[in-house]
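Scroll down for the structure; my scribbles are underneath it.
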Amino acid sequence: MLSHLRPAIVMIALFTALTGLLYPLAIMGVAQLLLPTQANGSLIERDGKIVGSTLIGQNFASDRYFHGRPSATTGPDPADPSKSIDAPYNASNSMGSNLGPTSKKLVDRVNASIEAEFDAGRIDVVAADAVTTSASGLDPHISPQFALAQAPAVAKARNLAEAQLRALIDANTERRLLGVIGEPRVNVLLLNMALDRLQ
């Protein structure tokens, strides 16, 4: 029996070391050499401080900034940890709302988002990403249409020319990869950082 058990234990130990330790360390080393920024979370620094990541959206509430799309992430309620509350862009709880197209709760939330955008005077045309959440709830990008729709309100809040903001949006629009893959998009954090550099 030991003659059969010993090779099995050796193989388990060997493959655990290879696939659980050596391979991940080798991949991490290659990633650190070839793509150090991406391997370390695509972090963005300003004045020596980390202000975010190009991969995770942030909740911008001020009218002086462009806003990202709604986020369906939640977090524990500080008053009662057994309950959860809305916590936009909570990276520790990445998820979508999982509400289907026939969900009354989804319809009510989208309608409330549309009304809030119009009431705040931020937009006059509703882009789909202005009122719908992403699958992860953390998407840092918006469509150029949504960014352009917010330009008048941001220009007014900052006392800037609208044409200046339109040019800024165009300069910060990421194009399709190889001209065909993906959709044009604007990273909200990078756009807002460029906006701060204008003043």
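The values are calculated or read from the model by the stated rules, or taken from the named source; none is laboratory data. Everything numeric in this text was worked out from a predicted model, so none of it was measured. All Cβ positions, even for glycine, are placed from backbone atoms using ideal geometry, and neighbour counts span all protein chains on display.
For (1) surrounded by 13 or more Cβ atoms within 10 Å (Cβ to Cβ); (2) farther than 27 Å from Ser53 by Cα; (3) modelled with pLDDT of 85 or more; (4) not aliphatic (A, V, I, L, M), each residue gets a yes or a no:
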{"site": "Tyr89", "(1), (2), (3), (4)": "yes, no, no, yes"}
{"site": "Ser94", "(1), (2), (3), (4)": "yes, no, no, yes"}
{"site": "Leu99", "(1), (2), (3), (4)": "yes, yes, no, no"}
{"site": "Arg109", "(1), (2), (3), (4)": "yes, yes, no, yes"}
{"site": "Ala120", "(1), (2), (3), (4)": "no, yes, no, no"}
{"site": "Val126", "(1), (2), (3), (4)": "yes, no, no, no"}
Residue match in the range 144-157 (condition: touching a residue at least 12 places away in the same chain (Cβ under 8 Å), at positive phi, surrounded by 12 or more Cβ atoms within 10 Å (Cβ to Cβ) and aromatic (Phe, Trp, Tyr)): no
Those helices (runs of 4 or more DSSP H) lying entirely in the range 1-113 with at least 3 residues more than 29 Å from Leu148 (Cβ to Cβ), of a type in the set (Val, Ile, Thr) and out of contact with any Pro (no Cβ under 9 Å at 6 or more places or on another chain): 2-17
Breaking point among (1) among the acidic types (Asp, Glu); (2) touching a strand residue (DSSP E or B) at 6+ places or on another chain (Cβ under 9 Å); (3) closer than 23 Å to Arg46 by Cα, for Asp129: (3)
Per-region count, the range 174-198, residues touching a Lys or Arg at 6+ places or on another chain (Cβ under 7 Å) and either of a type outside the set (Asp, Glu) or touching a residue at least 60 places away in the same chain (Cβ under 8 Å) (or both): 3
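Each row is one residue, and each column tells you yes or no for (1) among the basic types (Lys, Arg); (2) in the same structural domain as Asn98 (by TED's automatic domain parsing); (3) modelled with pLDDT of 90 or more.
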{"site": "Ser134", "(1), (2), (3)": "no, yes, no"}
{"site": "Gly137", "(1), (2), (3)": "no, yes, no"}
{"site": "His141", "(1), (2), (3)": "no, yes, yes"}
{"site": "Pro144", "(1), (2), (3)": "no, yes, yes"}
{"site": "Ala149", "(1), (2), (3)": "no, yes, no"}
{"site": "Lys156", "(1), (2), (3)": "yes, yes, yes"}
{"site": "Glu162", "(1), (2), (3)": "no, yes, yes"}
{"site": "Asn172", "(1), (2), (3)": "no, yes, yes"}
{"site": "Gly179", "(1), (2), (3)": "no, yes, no"}
Among (1) under 19 Å from the mean Cα position of the chain (by Cα); (2) of a type in the set (Val, Ile, Thr); (3) surrounded by fewer than 22 Cβ atoms within 10 Å (Cβ to Cβ) - the single one Val186 does not satisfy: (3)
Lone qualifier among Arg64, Arg46, Arg69, Arg6 - being surrounded by 10 or more Cβ atoms within 10 Å (Cβ to Cβ), basic (Lys, Arg) and more than 24 Å from Val186 (Cα to Cα): Arg6
